[in-house]
Amino acid sequence: DETHLGPHHQRVAEDLDRLGKILQGLDRLSEAEEMYKKALTVGDASLTANHKDTIRRSQVLASVQVDMGKHKDAARNLEAAARALGVLFGVNHEHALSASSLSAVTLEAAGLLQPAIATWRKIRQSEVEPFFTNAKDHILALERKLVNMGTGSGRTLLKPIDSTADEGEC
């Protein structure tokens, strides 16, 4: 298609997507990642960042990057998808909040705790359930982890809250 349609045509991006999916299915993740990156680049040339295909491509690329252990790159792509979904539907819409949650979890997996906490705090500001409670729980756990990491003694200063305990007992 590229020869007939040009390198920045949407059908070229679709073909690259399909090739990426095949490679991903064959567990050839590095090659799949490259195809998805190219598809995103080609798609960006003909679509806006807030187009559904661009958002989907960012999410698919992120999923491959997570499988490859490239959590920081994956988080960046998920953050882009979350921003675009926020523009399309509003920042408090479940699609935008779900994408932000995936980004925060991916940041956690990358060991980027401060950016993860910042993302969870933005989600918590939405006050939309179940995202609000999930964010609150993640923030508490990550802040405990940071405090415990800061001791340098290898001992735990703060213990996880027993989720079955009464709030008055904490």
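The values are calculated or read from the model by the stated rules, or taken from the named source; none is laboratory data. Please read these numbers as outputs of a predicted model, since none were measured by experiment. For neighbour counting, all protein chains shown are included, and Cβ atoms are generated from backbone atoms with ideal geometry for every residue, glycine included. Please note that ligands, DNA and RNA were not included when accessible areas were found on the heavy atoms of the full protein model with its side chains. Shrake-Rupley method; radii C 1.70, N 1.55, O 1.52, S 1.80 Å.
The GluC sites (Glu not before Pro) of the range 87-135 that DSSP puts in a loop, and whose beta carbon has at most 16 other beta carbons within 10 Å, are Glu127.
Roughly how many Å² is the accessible area per residue of the range 47-101, as a whole number, for a 1.4 Å probe? Counting only protein heavy atoms, the per-residue value for the range 47-101 is 48 Å². Sorting the segments 28-35, 130-137, 71-78 by their mean number of nearby beta carbons within 10 angstrom, highest to lowest, gives 71-78, 28-35, 130-137.
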